[in-house]
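The values are calculated or read from the model by the stated rules, or taken from the named source; none is laboratory data. Since the structure is predicted, the reported quantities are computational estimates derived from the model, not experimental observations. Note that we place each Cβ from the backbone using ideal geometry, even for glycine, and neighbour counts take in every protein chain shown. SASA here: full protein model, heavy atoms, side chains in, ligands and nucleic acids out. Shrake-Rupley method; radii C 1.70, N 1.55, O 1.52, S 1.80 Å.
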Amino acid sequence: MKRFFLFLLAALTLLSACRPDLPQPSGPDPEAGTESRSFRAGQGETLCDFGSRTISLYYVKPEGWTPDRPLLLYFHGKGRRAEAICTALRESAEKAKVFLVCPLFPETAFPEYASGNMLGHDGNGKRVLQPREKWMFTALTRFAAELKQRTGAAGPFVVLGHSAGSQLLHRYVLFGDTRIFSSIYCANAGWYTLPEADIPFPYGLKGLPPGTCSLETAFLRPVTLLVGENDTKTSFGLRMTPRAAAQGKNRLERGRNFFASAERAARRQGITLRWTLETVPDTGHDSVKIGKYVLEKMIP
């Protein structure tokens, strides 16, 4: 009998070690410690703290990347397709030897992503300005600093936002601290917070507490506004409220009008505007084409 139990134990041990059909864990494990937060060469996924939350980072670290080469942080649009964008841009990132990082901001945790969480709802469902400590911008600055430290990047730190990501990014420029970035690209936003004191927030600056926005500081940032030559459709959830429509019929017009508004504001106040405007040829509302354009044409 004792020999039988010993045989049974040995058989069970062998079976438990030989079960290739069992599903294996995928993606980073939040409980796995520093191993799940590392950046290996190639394409991968890791984790990063963002405020009180932990978010996923999809990335491409080219084999030939060195710390003096650029680091590109890409803010996704409303579709939150961070992983798909990262995959589609892998070849371009590897060819340019640019370390590409695409954070995912889930809708459940960041429903007001495009506004930088500046907007919320009161008890009656009306959209209102949130207290400043709830805005995303301070957390974004800390996140960017941690990312730079973890990657070891010492070269140009570039940030790109497309569509809703561009809404987030241009508001980050206006209301946050973006000094860590060497180049800032805002592409194809659906609508803007104009640097106009007589237009109510969120379409302008009227009604914001004093000192909320320093145009002199914002206009000195190295911002390039990118507009797709063919981004003239009203699809992809383009906002069509009266004040949004007043910015232009489509994203191409609205981007150009936002830049013209910045030029007027700079002239009125006698301050320097370092921003530039560039039209991306043969491109519509396409996050991948915009990403390739920046990787292949804009980053040395």
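A few notes on this one:
- Some residue of the range 106-128 being out of contact with any helix residue (DSSP H, G or I) (no Cβ under 7 Å at 6 or more places or on another chain), of a type in the set (Val, Ile, Thr) and either open to solvent by less than 30 Å² (accessible area, probe 1.4 Å) or free of Cβ contacts under 8 Å to residues at least 24 places away in the same chain (or both): yes
- Conditions (1) out of contact with any Ser or Thr (no Cβ under 7 Å at 6 or more places or on another chain); (2) open to solvent by 40 Å² or more (accessible area, probe 1.4 Å); number of the one not met by Glu45: (1)
- Contact map, the range 223-250: first residue closer than 27 Å to Phe157 by Cα and among the polar types (S, T, N, Q), second residue assigned to a loop (DSSP other than H, G, I, E, B) and open to solvent by less than 40 Å² (accessible area, probe 1.4 Å), Cβ cut-off under 9 Å, separation 6 or more or different chains; pairs are Thr224/Trp275.
- Filtered residue count, the range 247-257, keeping only those that are over 18 Å from Pro200 (Cβ atoms) and either open to solvent by 90 Å² or more (accessible area, probe 1.4 Å) or assigned to a helix (DSSP H, G or I) (or both): 6
- For the range 179-200, the candidate set comprises residues that are touching a strand residue (DSSP E or B) at 6+ places or on another chain (Cβ under 6 Å) and among the polar types (S, T, N, Q); within that set, the residue that is surrounded by the fewest Cβ atoms within 10 Å (Cβ to Cβ) is Ser182.
- Restricting attention to the range 274-289, the residues that are out of contact with any His (no Cβ under 9 Å at 6 or more places or on another chain), part of a loop (DSSP other than H, G, I, E, B) and buried (at least 18 other Cβ atoms within 10 Å of the Cβ) add up to 3.
- Flag for Tyr203 being in contact (Cβ under 8 Å) with a residue 40 or more places away in the chain, in contact with a helix residue (DSSP H, G or I) (Cβ under 9 Å, 6 or more places away or on another chain), hydroxyl-bearing (Ser, Thr, Tyr) and open to solvent by 10 Å² or more (accessible area, probe 1.4 Å): yes
- Some residue of the range 76-88 being surrounded by fewer than 15 Cβ atoms within 10 Å (Cβ to Cβ), of a type outside the set (A, V, I, L, M), touching a strand residue (DSSP E or B) at 6+ places or on another chain (Cβ under 8 Å) and under 19 Å from Leu169 (Cβ atoms): no
- Residue check: Leu73 meets all listed conditions (1) surrounded by 18 or more Cβ atoms within 10 Å (Cβ to Cβ); (2) assigned to a loop (DSSP other than H, G, I, E, B) but one, namely (2).
- When Thr138 is tested against (1) part of a helix (DSSP H, G or I); (2) over 21 Å from Leu205 (Cα atoms); (3) open to solvent by 50 Å² or more (accessible area, probe 1.4 Å), exactly one condition is not met: (2).
- Of residues in the range 89-105 being touching a Phe, Trp or Tyr at 6+ places or on another chain (Cβ under 9 Å) and open to solvent by 10 Å² or more (accessible area, probe 1.4 Å), the one nearest to Ala154 (Cα to Cα): Lys97
- Taking the numbered list (1) surrounded by fewer than 21 Cβ atoms within 10 Å (Cβ to Cβ); (2) assigned to a helix (DSSP H, G or I); (3) not small (Gly, Ala, Ser) in turn, Leu168 passes all entries but (1).
- Ala244 being assigned to a helix (DSSP H, G or I) and surrounded by 15 or more Cβ atoms within 10 Å (Cβ to Cβ): yes
- Members of the range 141-154 that are assigned to a loop (DSSP other than H, G, I, E, B) and either in contact with a helix residue (DSSP H, G or I) (Cβ under 6 Å, 6 or more places away or on another chain) or surrounded by 19 or more Cβ atoms within 10 Å (Cβ to Cβ) (or both): Ala153
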